[in-house]
Amino acid sequence: FKVTGLADPPQIDDLLESLGYAVHSVISFQVKDLGAGGGDPSGEIRLENDPRVEWMDDFIRMNGFDPARRETYLAILSQVLTPKCLASKVIEGKTVAVGLAVAERGYAGLFDIVVDPAHRHQGLGYNVVNELLCWGRRQGAHTAYLQVLADNAPALGLYRKMGFTEAYRYWYRMKP
């Protein structure tokens with residue numbers, strides 16, 4: 001179950017807990033005003049409109065996901081009908097960071113920002129996010145949004161540094 005602080009009925013979270021549904025993940029939904037300016041594109045990030053198998057393979061590898069699900073992930077991405085941008089950073093022939101943005105009705109949603117564990121703390125996440133925000137502005141977005149695990153301190157620090165603020169939290173309850 002996905003639960004927010006505005007759940008209706010208000011006691012649903014307590015009920016789920018009493019039935020043995022444990023909190024699985026707490027998510028921070030964050031927003032950023034894009035009208036206040038921002039960084040300029042660096043030109044060091046590759047931007048594409050359509051998902052490539054190689055982009056998906058890199059995404060799967062860096063997240064530690066099951067490669068057998070590649071076709072499912074590609075099928076999901078191919079169903080996105082709004083403008084989308086897939087970003088990747090390559091160093092010495094190896095993709096070390098990726099991210100995805102979609103644009104719709106004045107909003108740019110950022111998803112799947114991931115940096116290869118061996119290349120973290122080098123500003124690559126910042127570069128990918130900045131490039132996707134620049135792309136969003138070019139699409140006419142006035143606001144960016146993203147969702148991040150509330151216990152992901154490095155990502156939260158990055159997004160705070162970039163001007164994102166938490167709008168609300170939600171969490172999932174699951175049977176253990």
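Remarks
- Listed pairs Lys2/Lys32; Lys32/Lys175; Lys89/Lys161; Lys2/Lys161 exceeding 25 Å between Cα atoms: Lys32/Lys175; Lys2/Lys161
- Residue among Ser78, Ala141, Val115 farthest towards the positive dipole end of the chain, charges placed on Cβ: Ala141
- Most mobile of Gly35, Gly109, Gly140 in a GNM of the chain (Cα contacts under 10 Å): Gly35
- Excluding exposed DSSP-loop GluC sites (Glu not before Pro) (at most 16 other C-beta within 10 Å), longest clean stretch of the chain: 93-176
- Over the residues of the chain, the helix contribution to mean residue ellipticity at 222 nm works out to -8500 deg cm²/dmol, using -39500 (n - 2.57) for each DSSP H run of at least 4.
- Whether segment 111-176 is rounded, prolate or oblate, judged on the alpha carbon gyration tensor where a/c under 1.5 counts as rounded: oblate
- Local electrostatic count, Ala108, Cβ distance below 12 Å [Lys/Arg +1, Asp/Glu -1]: +2
- Per DSSP, loop chymotrypsin sites (Phe, Trp or Tyr not before Pro) in segment 41-107 with at most 15 further Cβ within 10 Å: Phe65
- What you get for the chain, charging only the Cβ of Lys and Arg (+1) and of Asp and Glu (-1), is a dipole of about 140 debye around the Cα centre.
- For segment 15-35 and segment 113-133, distance of Cα centres in Å: 24
- Estimated inter-spin distance, Thr143 and Val90, nm [label 7 Å along Cα→Cβ]: 3.7
Values quoted throughout were computed directly from the atomic coordinates according to the rules given, and no laboratory measurement underlies them. Predicted model, so just to flag it, every value in this text is computed and none were measured. Every residue, glycine as well, gets a Cβ built from its backbone with ideal geometry; the counts of neighbours run over all protein chains shown.
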